[in-house]
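The values are calculated or read from the model by the stated rules, or taken from the named source; none is laboratory data. Predicted model, so just to flag it, every value in this text is computed and none were measured. Heads up, the Cβs are rebuilt from the backbone with ideal geometry, glycines too, and the neighbour counts pull from every protein chain shown. Heads up: the accessible areas ignore ligands, DNA and RNA and are worked out on the full protein's heavy atoms, side chains in. Shrake-Rupley method; radii C 1.70, N 1.55, O 1.52, S 1.80 Å.
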Amino acid sequence: MKTKLTSTLLLLGALLAAPAAEPTLVIDAAQPVAHVSPTLYGLMTEEINHSYDGGLYAELVQNRAFLDNAEAPVHWSVAASNGASAEMHLDPAHPLNEELPTSLRLDITSASAQAPAGVANDGYWGIPVKPHTRYRASFYAKAAPGFSGPVRVAIVSPNQATTYAQAKVRRLSREWQHYEVTLKTGDVEPTSEARLALSAEHPGTVWLDLVSLFPPTWNHRLNGLRPDLMQMLVDLKPAFMRFPGGNYLEGATIKTRFEWKKTLGPLAGRPGHRGPWGYRSTDGMGLLEFLCWCQDMGAEPVLAVYAGYSLRGERAQPGPALEPFVQEALDEIEYVTGPASTEWGARRARDGHAKPFPLRYVEIGNEDFFDNSGSYDARFAQFRDAIKAKYPQLKCISTVGNEQPESKRVHSRQPDLLDEHYYRSARTFLEDSPTRFEKYNRNGPEIFVGEWGAYEDVVPWSRESRNLPPTPSMKAALGDAAWMAAMERNSDLIKMQCYAPLLVNVSPGARQWRPDLIGYDALHVFGSPSYYAFKMFSRNVGDAILKAAIDASPIQYSVTEDTRHGILFVKLVNPQPVPQPLQFDIKGVRSLGPTAKVLTLAAAPEATNSMDAPTNVVPVLSEIAQPHPSFVYTLPASSVSVLELKVRARTARP
Ligand code: AHR
């Protein structure tokens with residue numbers, strides 16, 4: 001039996017949940033107010049959450065160069081059964097070269113054809129095996145006197161009872177040499193419960209280094225990227241990609257910054273480095289790999305250059321101490337854009353890419369508002385002046401935006417763009433989006449929202465956040481969509497925007513930050529509701545912002561037009577837990593096409609996608625029959641919708 005108090009509360013709850021009186025969205029299709037920035041939707045990426053190693057970078061062997069831990073060959077184990085025996089040790093006394101200064105020494109003390117012995121690698125949370133697939137296994141080896149192989153290279157189950165694919169290297173040399181074999185799987189069940197094993201049937205000693213296993217990659221590139229993840233990214237149609245960070249650009253210290261010159265050329269010449277997110281990076285994803293990644297997505301690079309400040313506060317003072325870093329940035333730009341007649345353009349050509357890459361934007365540092373010394377103004381000026389002197393066409397981005405205190409912003413020069421970062425609750429995004437960018441001064445620098453993302457309630461950098469799923473729920477997606485609508489409405493000012501972080505390996509212990517847009521393990525990938533909201537926006541952009549207004553209502557909106565094809569894109573966010581009828585009033589249009597397409601992402605706020613339910617929340621396509629310039633459409637509860645309306649006849653157009 002209900003008490004009076006609970007009845008009153010229920011009534012109050014129902015009233016609060018009831019939709020606002022039918023609001024009207026007035027669209028003036030006769031008055032485009034500005035161009036939509038053609039570069040509005042892009043990607044931001046860095047090595048966090050095992051985004052590259054154990055993520056997009058297709059390498060399957062973890063700790064391939066034995067540098068991840070100085071004490072032990074982590075992720076490697078001795079593989080010896082049936083009475084065979086072997087030992088393995090890190091061996092700095094027998095390095096492959098200066099860049100990879102430790103090898104793995106394998107001493108096989110007892111082995112036979114029936115009982116081989118060797119080592120196995122457990123990959124990045126398992127080695128994924130797929131049917132009818134060719135894998136490229138390679139390694140450097142050097143045999144001690146008395147041992148010459150052969151070495152069996154195999155993808156096996158953890159207990160080695162099942163062999164998924166194998167090949168043999170017949171003879172090993174006494175000097176370091178590179179070996180490569182192809183492993184082909186047959187009709188196997190997909191699994192990530194596998195290992196890469198190297199074993200022999202005779203006792204002896206062998207040193208190993210740079211042990212690598214690659215599955216097929218996107219565009220069949222050597223040292224390439226994981227196709228399923230690339231497909232997810234390409235599907236977003238990104239216009240640009242901001243790289244290599246983020247904190248990953250800066251490093252915890254100057255020494256551990258993203259030192260691009262050490263990421264070039266053959267993998268045996270890349271020492272890797274410790275990233276700021278608690279694990280070592282192979283630097284298999286080097287500068288050229290980033291650029292080819294952009295090229296493969298049809299996205300332009302937004303290159304962030306190290307600006308002399310690292311996360312723990314180390315900095316190079318403006319003036320002569322900063323000069324080497326400025327030169328490093330100039331060399332980097334030359335590597336990206338220079339013809340093969342330049343020093344660094346020639347290096348790029350030698351690395352396999354003769355054609356220069358396009359480049360329009362250079363970002364100077366990352367989040368330099370953390371530099372409390374106030375040196376950013378002068379550091380920015382020094383970089384900017386040197387870059388503009390050599391490359392006047394490049395736009396320089398300051399990393400301190402309008403949301404930061406005056407004292408931290410750049411005043412001595414006018415940055416071309418300001419990079420602003422917004423990690424906010426979904427609620428804050430919903431509250432801020434109606435007016436946030438409308439308030440901006442249109443005479444100041446353009447804006448690049450280079451990192452943003454809604455969290456549900458718990459801030460990403462809190463301890464509590466670690467216990468939440470890695471990807472966001474529908475609640476966050478509603479905030480994200482409202483924020484995107486605000487940025488799109490104001491894309492005369494906001495030239496580029498990208499969600500962050502983009503990628504997360506959801507395996508235990510792999511992530512440092514939530515929420516993230518796309519989750520994966522060794523074998524599978526899924527998009528969060530926010531991923532689908534982003535995709536709905538980025539694939540339905542248009543080129544003109546239309547004047548539109550909605551009367552008092554929590555509905556968030558953005559209206560654009562593809563002027564070439566006369567298509568209106570109406571993006572709507574209903575954050576309420578109840579459906580909301582919305583009156584459309586489209587001025588300047590006499591009639592619309594016979595049907596309108598509607599893409600809808602709707603789910604309870606707590607609903608989400610996961611490895612077990614990857615498509616729980618995905619957009620659904622439907623149609624509105626006979627839409628009219630004045631019609632009512634009911635937005636589902638907790639939903640993001642994109643209506644595509646074809647203009648058939650206009651009443652007027654200036
Ligand atoms: O996206 C995660 C981190 O957030 C980025 O590395 C940094 O720029 C920001 O503080």
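Annotations
- The combined condition, being more than 30 Å from Asp480 (Cα to Cα) and in contact with a Leu (Cβ under 8 Å, 6 or more places away or on another chain), is fulfilled by Leu67.
- Of all residues in segment 234-273, those satisfying the criterion of being open to solvent by 10 Å² or more (accessible area, probe 1.4 Å), within 16 Å of the ligand (Cβ to nearest atom) and in contact with a strand residue (DSSP E or B) (Cβ under 7 Å, 6 or more places away or on another chain) are Thr256, His273.
- Taking residues in segment 419-435 that are among the β-branched types (Val, Ile, Thr), and partners anywhere that are more than 16 Å from the ligand (Cβ to nearest atom), the pairs with Cβ atoms closer than 9 Å and at least 6 places apart or on different chains are Thr428/Gly479; Thr435/Ala486.
- Top-ranked residue of segment 154-186 - restricted to ones that are in a strand (DSSP E or B) and among the hydrophobic types (A, V, I, L, M, F, W, C), ranked as farthest from Ser103 (Cα to Cα): Ala165
- Residue match in segment 598-620 (condition: under 18 Å from Ala481 (Cα atoms), at pLDDT 95 or above, exposed (fewer than 14 other Cβ atoms within 10 Å of the Cβ) and touching a strand residue (DSSP E or B) at 6+ places or on another chain (Cβ under 6 Å)): yes
Okay, residues lined up against (1) touching a residue at least 60 places away in the same chain (Cβ under 8 Å); (2) in a strand (DSSP E or B); (3) of a type outside the set (Val, Ile, Thr):
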site	(1), (2), (3)
Glu606	yes, no, yes
Asn609	yes, no, yes
Pro614	yes, no, yes
Glu623	no, yes, yes
Val632	yes, yes, no
Val640	yes, yes, no
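- Filter result for Gly345 (of a type outside the set (Asp, Glu), open to solvent by less than 30 Å² (accessible area, probe 1.4 Å) and more than 16 Å from the ligand (Cβ to nearest atom)): yes
- Residues within segment 274-283 that are crowded, with 21+ Cβ neighbours inside 10 Å and more than 15 Å from the ligand (Cβ to nearest atom), tallied: 2
- So Pro339, is it surrounded by fewer than 16 Cβ atoms within 10 Å (Cβ to Cβ) and not in a helix (DSSP H, G or I): yes
- Residue pairs whose Cβ atoms lie under 6 Å apart, separated by 6 or more positions or on different chains, with the first residue in segment 41-56 and closer than 12 Å to Val302 by Cβ and the second open to solvent by 10 Å² or more (accessible area, probe 1.4 Å) and away from the ligand (no atom under 12 Å from the Cβ), are Gly42/Ala239.
- All of (1) in contact (Cβ under 8 Å) with a residue 24 or more places away in the chain; (2) open to solvent by 10 Å² or more (accessible area, probe 1.4 Å); (3) within 16 Å of the ligand (Cβ to nearest atom) hold for Asp228 with one exception: (3).
- Hits in segment 454-474 (condition: touching a Ser or Thr at 6+ places or on another chain (Cβ under 7 Å), polar (S, T, N, Q) and farther than 21 Å from Asp432 by Cβ): Thr471
- Filter pass, Gly450 being within 15 Å of the ligand (Cβ to nearest atom) and either open to solvent by less than 10 Å² (accessible area, probe 1.4 Å) or at pLDDT below 95 (or both): yes
- Per the conditions (1) within 33 Å of the chain's Cα centre (by Cα); (2) β-branched (Val, Ile, Thr); (3) under 18 Å from Pro636 (Cβ atoms), the sole criterion not satisfied by Thr563 is (3).
- Considering segment 518-589, the qualifying strands (runs of 3 or more DSSP E), each wholly inside and each with 1 or more residues that are touching a residue at least 40 places away in the same chain (Cβ under 8 Å), open to solvent by 10 Å² or more (accessible area, probe 1.4 Å) and within 30 Å of Pro470 (Cβ to Cβ), run over 525-527, 556-562.
- Against the test of being within 21 Å of the chain's Cα centre (by Cα) and within 17 Å of Arg379 (Cβ to Cβ), the options Gly313, Gly275, Gly251, Gly246 yield a single qualifying residue, Gly251.
- Segment 229-274: number of residues that are under 18 Å from His421 (Cβ atoms) and among the basic types (Lys, Arg): 1
- Residues in segment 461-500 that are within 30 Å of Leu417 (Cα to Cα), open to solvent by 10 Å² or more (accessible area, probe 1.4 Å) and not in a helix (DSSP H, G or I): Trp461, Asp492, Lys495.
Conditions tested, residue by residue: (1) within 16 Å of the ligand (Cβ to nearest atom); (2) crowded, with 20+ Cβ neighbours inside 10 Å.
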residue: Val362; (1), (2): no, yes
residue: Gly365; (1), (2): yes, yes
residue: Phe369; (1), (2): yes, no
residue: Arg379; (1), (2): no, yes
residue: Ile387; (1), (2): no, yes
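- Check on Asp331, among the charged types (D, E, K, R) and open to solvent by 30 Å² or more (accessible area, probe 1.4 Å): no
- Candidate set from segment 389-413 (those that are of a type outside the set (Asp, Glu) and not in a loop (DSSP other than H, G, I, E, B)); member that is modelled with the lowest pLDDT: Ser407
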